[in-house]
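Working notes, structure below.
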Amino acid sequence: MTGAALILSLGLACEGEEREDDDELGGDLEEIMERRGLTEVDILAAAKTYTPSGKLDEYVLLASGGHSGHVLVIGVPSMRILKYVGVFSPEPFQGYGMGGLGDAILYGEGKQRGRTLTWGDIHHPNLSETNGDYDGEFMFVNDKANSRIAVIDLEDFMTKQIVTNPLLASSHGGAIVTPNTDYVLEVSQYATPLGGDYAPLSEFQTRYRGAATFWKFDRAKGRIDPARSFSVELPPYAQDISDAGKFASDGYVFVNSWDTEMAAGKLGEGQPVLESGASQNDMDYLHVINFKKAESLVAEGKAIEINGMRVLPLDVAAKEHVLVFIPEPKSPHGCDVTPDGTGIVVAGKLDTHASVFEFSKIKDLIERGEFASTDPYGVSVLDFQKALRGQVEIGLGPLHTTFDNTGHAYTSVFLDSTVVRWNYTKLDEPIQTIQVQYNIGHLIAAEGDSAHPQGQWLMAMNKMSQDRYVSTGPLLPQNFQLIDISGPTMQLVADLPIGLGEPHFAMLIKADKLKTLDFYKPPGINPYTGLRAEGAVAPGQERVERNGKKVDVYMTVIRSHFTPSTIEVDEGDEVTLHITSVEQSRDQTHGFAIDMYNLSLSLEPGRYEQATFIADTPGVFPFYCTEFCSALHLEMAGYLFVRPKGG
Ligand code: RUQ
Ligand code: CUA
């Protein structure tokens, strides 16, 4: 009996005396199914995902929000949205980039070449790992558009750092972590002269370059340490997605490329456009980078410095076999290391196969110095067949691959709009194919890119949703679809439209691995340092201090008042608010908003915030709490009086 049949038969068995209750609840199951056109399979899907109020999700999806610059936090299997994390874009609910302490990250550290940016294009979230397994502590995301990496602390789901790549003008193959989160990898996409120099297209082959940047992560500090980071210079081949080795392949990273033709170097000279120019070769190059060796060479002083970043030059990387190439089928996209670290799965947009490379073969060939050829930059190239474990025919436009706990790989197939389940050791015929709607990009199974995938759920992240939802005009949401992969037959069980930017990759982690804070304690914690702020005050210590034209307001908030609730300054004064939430109970969040100053602060229990502005406009400015925190929330307000000059 199927689950749905079971539910139905239970429903039917309850007929009679329970009938009246059913009617009170708005009808019986059969009647509702009939009315809404639901099948037993639908009911089964609903039973697998429906999460009654108060019941918690078993998994959490941390998804890129694409060019919204946000990260989405989604419960699985309920598909309930839990949070939007502001990363490269301001997020008023979190008070991020809205006049408070987060400005120093978003508009300070986040500056690219001196410019303030208010958005980013997030592609690949990655979770911190310990021995190749998610430890639930940190998340890293890349900004493809402006080549930046952000660090999000999962204690409070807040962005704590942005580092800016001083070499690159776009980066795609990141943020990928090594198995103990020693490094966070960021790899270039479109080649440019490293460090932001100018060079005409005629110098593409000589001056344009890619790079793989190994950002050193200091776990104790919870921050990337740029001074201990380094990069490896790469040819201008349009590098793509990357993955880090694990176990036997630890110490290596693998990076795709799709323009070994260097067609970008011929743009606009009566040559084919980039998309066809870059698709002429039958093979591009999988980059195999021995970063442990690169690390030692850099330590030995073999690096040059560009904009403060230590860079291992391409000729050194080639000569020392820090960088070795393997031909990979035509314009590949996905690059995913198997959970045991023995294989690297590559799938080409213009090739119907998933190709699995065998790490032990690669290592043997490199150690024996058995190379098939050399590229124009002196990089040794291995023989494709000799490095290969095998290939599986997947479909039209295979992209990314994720893994479960029973030896299956799942590959997204963009043109076919399918997810294909196959065995990455046996490499026999694909086992099953399931249709998704539509044009799937990334996919992730539960802990699917860790050393120990959980199976059970898989999220398909589709680029298009055409007919799936009520129309909202020409700009349609992307479409997340949840697939139950626990049984022999995959079942699509739920949809979630994503109406903010194009999500790319995501991480799906067991919820119980996340150790979040209930609130900040003691009161007065600056969430960006984790320490009690100097300007924090306890109840009774509130005050206003004036030093010439500088006015410091030391304020507390607790249900339901600001102390002080009136502030008087003179036109032209520089006002700094130091606000301490002295609440110490869960979910008692307040906010601070004021007329005209573009200021929105979030004051979770115990949080400290600080905002400085010039009171340059005389007048009366109400401020108020933005969270409906109590029955007297509306009364949680005050005034800033700005006395006119000479008034
Ligand atoms: S991408 S849809 Cu990861 Cu930027 Cu493949
Ligand atoms: Cu505090 Cu409303």
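The values are calculated or read from the model by the stated rules, or taken from the named source; none is laboratory data. No experiment lies behind these values; they were computed from the predicted model shown. Note that we place each Cβ from the backbone using ideal geometry, even for glycine, and neighbour counts take in every protein chain shown. With ligands, DNA and RNA removed, areas are computed over all heavy atoms of the protein, side chains included. Shrake-Rupley method; radii C 1.70, N 1.55, O 1.52, S 1.80 Å.
If you go through the stretch 506-545 and keep only what is assigned to a strand (DSSP E or B), basic (Lys, Arg) and either touching a His at 6+ places or on another chain (Cβ under 8 Å) or open to solvent by 70 Å² or more (accessible area, probe 1.4 Å) (or both), you end up with 532, 543.
Name the single residue, out of those in the stretch 143-174 being closer than 27 Å to residue 286 by Cα and among the β-branched types (Val, Ile, Thr), that is most open to solvent (accessible area, probe 1.4 Å). For the stretch 143-174, the residue satisfying everything is 164.
Just the residues that are open to solvent by 20 Å² or more (accessible area, probe 1.4 Å), more than 15 Å from ligand 2 (Cβ to nearest atom) and charged (D, E, K, R), please, taken from the stretch 549-585. Once the filter is applied, which keeps residues that are open to solvent by 20 Å² or more (accessible area, probe 1.4 Å), more than 15 Å from ligand 2 (Cβ to nearest atom) and charged (D, E, K, R), the stretch 549-585 yields 549, 550, 552, 568, 570, 571, 574.
Scanning the stretch 175-207 for residues that are open to solvent by 30 Å² or more (accessible area, probe 1.4 Å) and assigned to a strand (DSSP E or B) returns a single hit, 192. Scanning the stretch 586-610 for residues that are crowded, with 23+ Cβ neighbours inside 10 Å and among the aliphatic types (A, V, I, L, M), which turns out nearest to residue 628 (Cα to Cα)? It comes out as 603. Looking across 597, 608, one residue alone is farther than 22 Å from residue 642 by Cα, touching a strand residue (DSSP E or B) at 6+ places or on another chain (Cβ under 6 Å), more than 13 Å from ligand 2 (Cβ to nearest atom) and of a type in the set (Ser, Thr, Tyr). It is 608.
Would the stretch 248-255 turn up any residue that is more than 16 Å from ligand 1 (Cβ to nearest atom), aromatic (Phe, Trp, Tyr), under 25 Å from the mean Cα position of the chain (by Cα) and surrounded by fewer than 24 Cβ atoms within 10 Å (Cβ to Cβ)? Taking every residue of the stretch 248-255 in turn, none turns out to be more than 16 Å from ligand 1 (Cβ to nearest atom), aromatic (Phe, Trp, Tyr), under 25 Å from the mean Cα position of the chain (by Cα) and surrounded by fewer than 24 Cβ atoms within 10 Å (Cβ to Cβ).
Out of 548, 591, 535, 540, which single residue is within 21 Å of residue 613 (Cβ to Cβ) and free of Cβ contacts under 8 Å to residues at least 60 places away in the same chain? The unique qualifying residue is 548. Taking the numbered list (1) within 23 Å of the chain's Cα centre (by Cα); (2) over 30 Å from residue 176 (Cα atoms) in turn, residue 480 passes all entries but (2). Within the stretch 386-400, the set of residues being closer than 18 Å to residue 504 by Cα and either open to solvent by less than 10 Å² (accessible area, probe 1.4 Å) or free of Cβ contacts under 8 Å to residues at least 12 places away in the same chain (or both) comprises 397, 398, 400.
Each row is one residue, and each column tells you yes or no for (1) touching a Leu at 6+ places or on another chain (Cβ under 7 Å); (2) in the same structural domain as residue 538 (by TED's automatic domain parsing); (3) closer than 15 Å to residue 523 by Cβ; (4) not in a loop (DSSP other than H, G, I, E, B).
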{"site": "553", "(1), (2), (3), (4)": "yes, yes, no, yes"}
{"site": "587", "(1), (2), (3), (4)": "no, yes, no, no"}
{"site": "605", "(1), (2), (3), (4)": "no, yes, yes, no"}
{"site": "609", "(1), (2), (3), (4)": "yes, yes, yes, yes"}
{"site": "628", "(1), (2), (3), (4)": "no, yes, no, no"}
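The residue list 360, 331 contains one member that is polar (S, T, N, Q), under 30 Å from residue 506 (Cα atoms), in the same structural domain as residue 225 (by TED's automatic domain parsing) and within 16 Å of ligand 1 (Cβ to nearest atom), which is 331.
Let's see how each residue does on (1) among the aliphatic types (A, V, I, L, M); (2) over 23 Å from residue 156 (Cα atoms); (3) in the same structural domain as residue 475 (by TED's automatic domain parsing):
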site	(1), (2), (3)
503	no, no, yes
520	no, no, no
541	no, yes, no
549	no, yes, no
560	no, yes, no
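If you go through the stretch 520-535 and keep only what is within 15 Å of residue 605 (Cβ to Cβ) and polar (S, T, N, Q), you end up with just 526. Open to solvent by 10 Å² or more (accessible area, probe 1.4 Å), over 30 Å from residue 252 (Cβ atoms), among the basic types (Lys, Arg) and in a strand (DSSP E or B) - does that describe any residue in the stretch 100-114? Looking for residues that are open to solvent by 10 Å² or more (accessible area, probe 1.4 Å), over 30 Å from residue 252 (Cβ atoms), among the basic types (Lys, Arg) and in a strand (DSSP E or B), one finds none in the stretch 100-114, hence no.
Taking the condition in contact with a Ser or Thr (Cβ under 6 Å, 6 or more places away or on another chain) and modelled with pLDDT of 95 or more, does residue 87 pass? Criteria met by residue 87. Within the stretch 320-343, not a single residue is of a type in the set (A, V, I, L, M, F, W, C) and open to solvent by 10 Å² or more (accessible area, probe 1.4 Å). Residues in the stretch 48-60 that are farther than 10 Å from residue 75 by Cα and open to solvent by 60 Å² or more (accessible area, probe 1.4 Å): 48, 50, 53, 54, 55.
Confirm whether residue 383 is over 16 Å from residue 249 (Cβ atoms) and either in contact with a Cys (Cβ under 6 Å, 6 or more places away or on another chain) or surrounded by fewer than 21 Cβ atoms within 10 Å (Cβ to Cβ) (or both). So residue 383 passes the test. Taken over the stretch 611-626, the criterion of being within 16 Å of ligand 2 (Cβ to nearest atom) and outside any loop (DSSP other than H, G, I, E, B) is satisfied by 622, 623, 624.
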